[in-house]
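The values are calculated or read from the model by the stated rules, or taken from the named source; none is laboratory data. This one's a predicted model, so the numbers in the text were calculated from it and none came from an experiment. For neighbour counting, all protein chains shown are included, and Cβ atoms are generated from backbone atoms with ideal geometry for every residue, glycine included.
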Amino acid sequence: MRIADCEVAYVGAGAHALTADEESAVQVAIEAGAPSDDKCALFLRILKACTRTNPSELDKRLSAIGVPVIKGALAFAPSAPQAVVLERWLQTA
């Protein structure tokens, strides 16, 4: 099975409150230049970056995601399926 794309959304009864680990990853992304106006939305972008990416679209997709979000993703899930690929991409970004 190959994943072409995914959607990440919060589904819950109340407002989403970031956990300490989520907040930490968001702070890494903000320190790297991500906008801080909606931390919950930023975390969802970070979470999406942790999922596998179609190898043929990798550079295009990671460029669109951006360095700050990729850094947040690596802080949140250093053992994610994409972690090695994300690290390599950051070295050339």
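Residues in region 33-51 that are out of contact with any Cys (no Cβ under 9 Å at 6 or more places or on another chain) and either surrounded by fewer than 16 Cβ atoms within 10 Å (Cβ to Cβ) or basic (Lys, Arg) (or both): how many? If you could, list the steps in order and put the result at the bottom.
First, pick out the residues of region 33-51 that are out of contact with any Cys (no Cβ under 9 Å at 6 or more places or on another chain): 33-47, 49-50.
Next cut, either surrounded by fewer than 16 Cβ atoms within 10 Å (Cβ to Cβ) or basic (Lys, Arg) (or both) only: 33, 35-41, 45.
Residues in region 33-51 being out of contact with any Cys (no Cβ under 9 Å at 6 or more places or on another chain) and either surrounded by fewer than 16 Cβ atoms within 10 Å (Cβ to Cβ) or basic (Lys, Arg) (or both): 9 in total.
Could you list, in sequence order, all residues of region 64-82 that are in a helix (DSSP H, G or I) and touching a residue at least 12 places away in the same chain (Cβ under 8 Å)? Give the derivation first.
Residues of region 64-82 that are in a helix (DSSP H, G or I), as a first pass: 64-65, 67-76.
Those that are in a helix (DSSP H, G or I) and touching a residue at least 12 places away in the same chain (Cβ under 8 Å): ILE65, VAL67, PRO68, VAL69, ILE70, LYS71, GLY72, ALA73, LEU74, ALA75, PHE76.
Among residues belonging to region 12-63 that are hydroxyl-bearing (Ser, Thr, Tyr) and in a loop (DSSP other than H, G, I, E, B), point out the one that is farthest from GLN82 (Cα to Cα). Break it down into steps so the answer makes sense when it comes.
Going residue by residue through region 12-63, those that are hydroxyl-bearing (Ser, Thr, Tyr) are 19, 24, 36, 51, 53, 56, 63.
Going one step further and asking which of them are in a loop (DSSP other than H, G, I, E, B), we end up with 19, 36, 51, 53.
Numbers: THR19: 22, SER36: 24, THR51: 6, THR53: 8 Å.
Among those that are hydroxyl-bearing (Ser, Thr, Tyr) and in a loop (DSSP other than H, G, I, E, B), it is SER36.
Scan region 29-79 for residues that are of a type in the set (A, V, I, L, M), within 15 Å of GLN91 (Cα to Cα) and touching a Phe, Trp or Tyr at 6+ places or on another chain (Cβ under 8 Å) and jot them down.
Once the filter is applied, which keeps residues that are of a type in the set (A, V, I, L, M), within 15 Å of GLN91 (Cα to Cα) and touching a Phe, Trp or Tyr at 6+ places or on another chain (Cβ under 8 Å), region 29-79 yields LEU58, LEU62, ILE70.
Residue-by-condition table, conditions (1) surrounded by 16 or more Cβ atoms within 10 Å (Cβ to Cβ); (2) modelled with pLDDT under 85:
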residue	(1), (2)
ALA4	no, yes
THR53	yes, yes
VAL67	yes, no
ALA77	yes, no
